[in-house]
Each structure stands twice: as structure tokens, then as C-alpha cells.
Amino acid sequence: MAQTITFHFQPGTSFLHQMDPRCKIICLALVSLSTLKAVTAGLLLLTLLFAVLAWDADLPGKTIFFELRYFGLFLLVVFISNCLTQPGTPIYSLKGINITREGVVEGLFASWRLALIILMGLLFSVSTRPKDIRTAIEHLLAPIPFVPEKRIAVMMGLIVRFIPVILGTTREISDAQRARAIDQRKNPILRMSRLVLPVMRRTIGRSQRLADAMESRCFDENRPTPPLKMVRTDWQAITLAVFFHIILQSI
Amino acid sequence: MNIIEISNLTHQLIGGKPILNNINLTVEEGEFIVVAGANGSGKSTLFKQLNGLLIAGKGQVKVDGVFVADDLKRARQKVGMIFQEADSQIVGETVFDDVAFGPENLGLPAEDVGRVVNRTLDLVGLLDLKESPPHILSGGEKRRLAIAGVLAMAPRIIVFDEPFSNLDYPGIQQVQTQMAALHSEGHTILVATHNLETVVGMADRLILMQEGEIVKDGPFYEVVHFAEEFGVYLPQSVRSRGEFQAWLKR
Ligand SMILES: Nc1ncnc2c1ncn2[C@@H]1O[C@H](COP(=O)(O)OP(=O)(O)O)[C@@H](O)[C@H]1O
Ligand SMILES: [Mg+2]
């Protein structure tokens with residue numbers, strides 16, 4: 001069950017829930033961009049922004065911790081690699097490898113930034129219906145020529161829907177093979193192909209049935225894009241995000 | 001009024017022997033028909049003709065007075081099709097989105113879609129799960145979601161292909177309840193199955209198929225006695241009733 005909670009929409013009525021999904025995507029991009037260059041003051045400000053939004057969206061601290069835990073190792077690797085590679089005043093050295101003061105500081109900043117970006121992404125996905133994300137992307141891609149935005153949107157939806165199904169199939173097949181002692185085979189390539197081929201066969205069969213079912217329900221690639229409407233608060237949010245970005249660039 | 005009319009239908013892959021051979025079938029509005037037959041007897045192929053997923057080379061299929069091949073969209077709206085594998089017919093990221101898929105395709109305005117979806121989910125008892133991703137649903141719930149997805153398009157004929165496969169007992173009961181309710185509302189119901197036990201007492205009419213042909217067609221309790229002859233298990237209740245009557249006659 002744990003995996004199903006990860007980055008999953010939770011209904012609500014907060015400021016973020018009510019924001020237009022397009023506007024949320026733009027703001028998320030702007031804020032992430034601001035984060036990349038920010039140092040102490042900026043990072044504190046962004047953390048505060050996150051805290052306020054998370055509090056407003058009713059995102060419990062436990063969830064935040066839980067989600068970050070998955071990325072914990074990743075954050076640690078970023079921190080350590082910074083510690084070891086930044087040149088500067090060494091504070092500890094072992095067999096020619098130096099941990100520098102600058103490295104520790106830079107490492108802290110890097111993982112702080114990364115954590116913030118992950119958390120902002122979490123806020124976005126917790127407060128936005130998958131379908132709205134899809135619609136927003138369809139709207140944002142529409143003005144770009146030669147990009148089949150409707151097809152991309154449909155594909156995104158199907159991917160979200162079918163990843164758990166395909167994972168389930170994979171688990172089933174791998175269990176069945178382990179029950180017949182595939183673990184005894186030493187050749188990893190053989191073991192891999194024994195798993196991948198049946199999964200692919202099942203997935204292709206399923207995709208044909210899926211196409212039948214979609215056709216039965218009158219699927220038409222040119223279905224109208226659901227309308228979205230930006231209201232005043234959305235424009236205010238974007239203005240604020242731009243403002244924030246400029247300020248953070250200059251401090 | 002015949003809601004389905006199939007005449008001289010033969011479906012054949014190039015160079016192969018026919019999968020459906022000279023099928024003639026008329027269905028009246030409001031009937032509850034079971035189509036039974038061993039695996040490979042052509043039940044699914046026959047059903048797919050009803051909404052034009054397959055179109056046979058020979059013969060004609062009319063739904064509600066119009067040839068299916070002439071207006072596929074109309075046929076697909078009139079004939080709701082529920083497939084054997086619920087998982088591959090659920091397309092939405094959430095329960096709500098999945099039910100909305102059909103009405104959106106039919107071009108309903110967003111407010112109407114919301115209203116229709118909520119009403120349909122309420123009908124099949126899934127309203128509480130409307131924000132859930134479909135993969136966390138149980139087998140019976142997935143099947144009900146598949147039914148809801150079809151009902152939201154307001155079809156008059158509902159076709160179930162092996163609706164009881166892979167379901168536990170509560171799941172079977174949920175689907176049976178749903179079917180009975182739809183039938184009593186006046187929908188025409190067609191069910192393909194090789195387990196007649198699950199439809200005893202619900203169906204008016206039974207069609208037995210073998211190797212692409214309709215071999216028996218008539219009132220359920222008359223035709224059911226031929227079931228074993230064509231590779232379909234005779235329901236225990238029918239069997240014991242027959243034994244009881246034989247004992248009375250003795
Ligand atoms: N796409 C296909 N290509 C080749 N043979 C097929 C195809 N679809 C069905 N068949 C064959 O048609 C026959 C009837 O299949 P089907 O309608 O699925 O039967 P049922 O649903 O009664 O089990 C089977 O013998 C099957 O092998
Ligand atoms: Mg079949």
C-alpha cells in the first residue's frame with residue numbers, strides 16, 4: 001500500500017487545490033528554477049513558502065517525512081559527493097581524500113535545494129488531479145506546432161493507469177517462475193529474458209483488448225480538450241512567482 | 001420490436017474456416033439472453049459484431065433498426081460492452097475519470113458529465129471510491145466499474161462477455177445483482193458464459209453455440225437440458241430438479 005500513497009492526489013479545497021493546473025505547472029517551474037541558484041536567505045524563504053502552502057493544503061508532516069524518506073539515500077549521495085569533490089580548506093582527510101568546509105556547505109545547500117524541489121513536486125501532485133495535469137499539458141502544448149498534444153495527453157493518462165497493472169503482471173510471472181526454481185539458474189541474461197518476454201507478450205495482448213474497449217466506448221482521438229479557466233488568483237500567483245524568482249536571482 | 005437482427009452472418013478469416021457460420025438471430029427489447037458454449041465456440045466473436053468491433057464479410061447486423069456498419073458511433077452508444085478482463089477496459093486514472101471517459105467521447109458538456117458520472121457511480125455503489133486509482137479496487141469492484149463505464153453512455157443493450165470469470169463469490173453476487181437490476185429497468189441483456197449456474201433463474205432464453213454455429217435457441221429451461229451435449233456444464237439445480245421429476249415418474 002505504501003507505494004500507492006506516494007505522490008498521490010488527495011482531494012481538498014486549499015489554495016493550491018483551487019489553482020488552475022496550468023498555472024501550477026508554470027509556478028512549479030519558476031519556483032524550481034529559483035531554487036537552483038538560491039542560498040541561505042532564499043532557501044529559507046522558499047522553505048517558508050513551502051511550509052505555508054503545505055499547511056494550507058493540509059499536507060501532514062508525517063506524509064512529508066514519509067515521502068522524503070524514499071529520496072533520503074539520493075539526498076545523502078548528493079551531500080557526500082559534494083563533500084568529497086569540492087576544493088577548499090580540508091577539515092578532515094583520509095588517505096588523500098579530503099572533506100572540505102566548502103564541500104560540506106555546498107553539499108548541504110545542494111541537498112536542501114533538491115529536497116525543496118521534491119517537496120514542491122509533492123505538493124503539486126497531492127493537490128492536482130492526474131486528469132487535470134493531463135488537461136493542463138494538453139493546453140500548454142497546444143500552441144506548439146507539430147506536437148500531437150491530444151495523443152500525448154491520452155498516452156500520459158494510459159501510462160499512469162497501466163504502470164501498476166504491468167507491475168502486477170511482472171510480479172505474478174516472476175513469482176510463478178521462482179516457484180519453479182528459476183533462482184537456480186546462474187545466467188542473469190537468461191533469467192531476465194525469461195521474465196521480460198512473457199511480460200511483453202501479456203502486455204501486448206492487454207493493449208489489444210484495451211484498444212477494443214476504448215473503441216467500444218466511442219473513443220475518438222479528436223475529442224475536445226476539456227476547458228480550463230484562469231481566475232484572478234491564478235494571475236496573482238504567477239505574478240508572485242515571477243517576482244519571487246527575480247528577487248531570489250538578485251540576492 | 002426487434003432490437004437486434006442478425007441475418008446470414010458468416011465471419012471468416014482469409015483462408016481459414018469460418019469462426020461464425022450462417023448466424024441468424026433476433027432479439028426483442030427487454031430480453032435476458034444467455035449465450036453458452038465451450039471455449040472457442042465463437043461467443044466473443046459474435047458479440048463483437050454487435051457494436052462493430054468486428055464486421056463480418058457476409059451477412060448483416062441491425063441494432064435498433066439501423067445497420068451497425070452504417071453508424072458505428074450509434075451502435076456503440078446503444079450497445080454497451082463489458083469484456084471478460086475488467087483490468088484492460090478501465091482507462092481512467094481514477095474511478096471518476098474512467099466513468100467519464102464514455103460521456104466525454106460522446107461530447108457531453110462537463111457539468112452533464114459530472115452529473116451522469118456521480119449518478120452512475122451511485123447506482124453501482126462505487127461513489128465512495130470515486131477518487132481512487134482503479135488498481136486498488138477488488139475484483140468485484142473493478143467489474144462494477146467496468147459496468148458503470150458502459151452505463152454512463154446510456155446504452156439500451158448491455159452485453160457481458162464472461163462476466164463471472166476470476167470473481168469470488170461476493171464478486172459474482174455483486175455482478176448478478178447489477179444485471180438483475182438493469183434487466184428490470186428494461187435493458188436488453190446478453191451474457192456469454194460457460195457457467196450456467198451463475199445465471200439460473202435470471203435468463204429467459206438460452207442460446208447454445210458450437211464451432212461458430214447456433215445449435216440450440218429457446219426458453220432457458222427447455223434448452224438447458226441440451227447443455228452437456230455441447231460441452232456446457234448442466235447447472236446443479238437443473239440437474240437435481242430433473243432427477244426429482246424422474247423419481248416422481250418412477
Ligand atoms: N483474431 C483471431 N485470429 C484467429 N483466430 C481467431 C481470432 N479471434 C478468434 N479466433 C478463433 O475463433 C474461434 C472463436 O473464438 P471466440 O469468439 O473467442 O470464442 P469464445 O468466446 O466462445 O471462447 C476460436 O477458435 C479462436 O481461436
Ligand atoms: Mg470469449
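The values are calculated or read from the model by the stated rules, or taken from the named source; none is laboratory data. These numbers were taken from a predicted model, which means no experiment stands behind them. Please note: Cβ atoms are built from the backbone with ideal geometry, for glycine as well, and neighbour counts cover all protein chains shown. Ligands, DNA and RNA are stripped out before the accessible areas are found, and what is left, the full protein with its side chains, is counted by its heavy atoms. Shrake-Rupley method; radii C 1.70, N 1.55, O 1.52, S 1.80 Å.
Odds and ends about this structure:
- Evaluated at q = 0.10, 0.22 Å⁻¹: base-10 log I(q)/I(0), Debye formula over Cα of the range B:4-91: -0.26, -1.23
- The equivalent ellipsoid of the range B:155-250 has semi-axes of 24, 17, 14 Å, largest first, where each one is the square root of 5 times an eigenvalue of the Cα gyration tensor.
- Accessible area that becomes buried as B packs against A, both chains, 1.4 Å probe, Å², nearest 100: 2800
- Rounded to whole Hz, the Karplus (6.51, -1.76, 1.60) HN-Hα couplings of the range B:90-103, x for glycine and proline: 8, 10, x, 6, 10, 4, 4, 4, 5, 5, 6, 3, x, x
- Comparing A:Leu108, A:Leu53, A:Leu84 in a Gaussian network model of chain A, where Cα atoms under 10 Å apart are tied by springs, the biggest mean-square fluctuation is seen for A:Leu84.
- Alpha-carbon spread of the range B:93-192, three principal axes, descending order, Å: 36, 31, 18
- Between the amide H of B:Val191 and those of B:Ile33, B:Val34, B:Val35, B:Phe160, distances stay under 5 Å, these residues lying 5 or more places away or on another chain, with hydrogens modeled in the peptide plane.
- Solvent accessible area, Å² - A:Thr89, 1.4 Å probe, full protein context: 80
- Rel. contact order, % - alpha carbon contacts under 8 angstrom, at least six apart, chain B: 25
- Interface burial in the range A:206-251, defined as at least 50 Å² less accessible area with all protein chains than with the chain alone at a 1.4 Å probe, covers A:Asp212, A:Glu215, A:Ser216, A:Arg217, A:Cys218, A:Arg223.
- Annotation for the range B:10-86 versus the range B:124-177: alpha-carbon center distance of 22 Å.
- Average accessible area per residue (Å²) across the range A:191-251 - probe 1.4 Å, nucleic acids and ligands excluded: 68
- Qualifying GluC sites (Glu not before Pro) for the range A:162-241 [loop in DSSP, other Cβ within 10 Å: at most 13]: A:Glu221
- Filtered trypsin sites (Lys or Arg not before Pro), the range A:43-98: DSSP coil and at most 15 other beta carbons within 10 Å: A:Lys95
- Shielding by partners, peptide B:99-112 (average Cβ within 10 angstrom, other chains): 3
- When chain B is treated as a Gaussian network with alpha carbon springs shorter than 10 Å, the biggest mean-square fluctuation among B:Asn166, B:Asn21, B:Asn105 belongs to B:Asn105.
- Coordinate range of the alpha-carbon atoms in the range A:55-203 per principal axis, descending: 57, 53, 38 Å.
- Cα-Cα over 18 Å, subset of B:Lys48/B:Lys130; B:Lys17/B:Lys43; A:Lys150/B:Lys73; B:Lys78/B:Lys142; A:Lys150/B:Lys142; A:Lys24/A:Lys229: B:Lys48/B:Lys130; A:Lys150/B:Lys73; B:Lys78/B:Lys142; A:Lys150/B:Lys142
- Average projection, convex hull of the Cα set of the range A:129-220: 8.3 square nanometres.
- Contact order relative to length of chain A, as percent, for alpha carbon pairs under 8 angstrom and 6 or more apart: 30
- A:Lys131, A:Lys186, reordered so the largest accessible area comes first (probe 1.4 Å): A:Lys186, A:Lys131
- Shown here are the Rg and Dmax of the Cα trace of the protein assembly as shown, at 29.1, 107 Å.
- Heavy-atom accessible surface of the range A:132-251: percent carbon and sulfur, 1.4 Å: 65
- Normalised by the number of residues in the range A:129-220, the average gap of Cα pairs under 8 Å and 6 or more apart makes the relative contact order 21 percent.
- Only helices enter the 222 nm calculation for chain B: every DSSP H run of n ≥ 4 contributes -39,500 (n - 2.57), and dividing by all residues gives -10500 deg cm²/dmol, rounded to 500.
- Our compactness index for chain A, the C-alpha radius of gyration over the empirical 2.2 N^0.38 Å, is 1.28.
- Area projected by the alpha carbon convex hull of chain B, averaged over all directions, nm²: 14.6
- Here chain A is scanned for chymotrypsin sites (Phe, Trp or Tyr not before Pro) in DSSP loops (not H, G, I, E, B) that have at most 15 other Cβ atoms within 10 Å, and the longest stretch holding none of them is A:8-145.
- For the range B:55-197, the per residue solvent-accessible surface stands at 38 Å², with DNA, RNA and ligands left out and a 1.4 Å probe.
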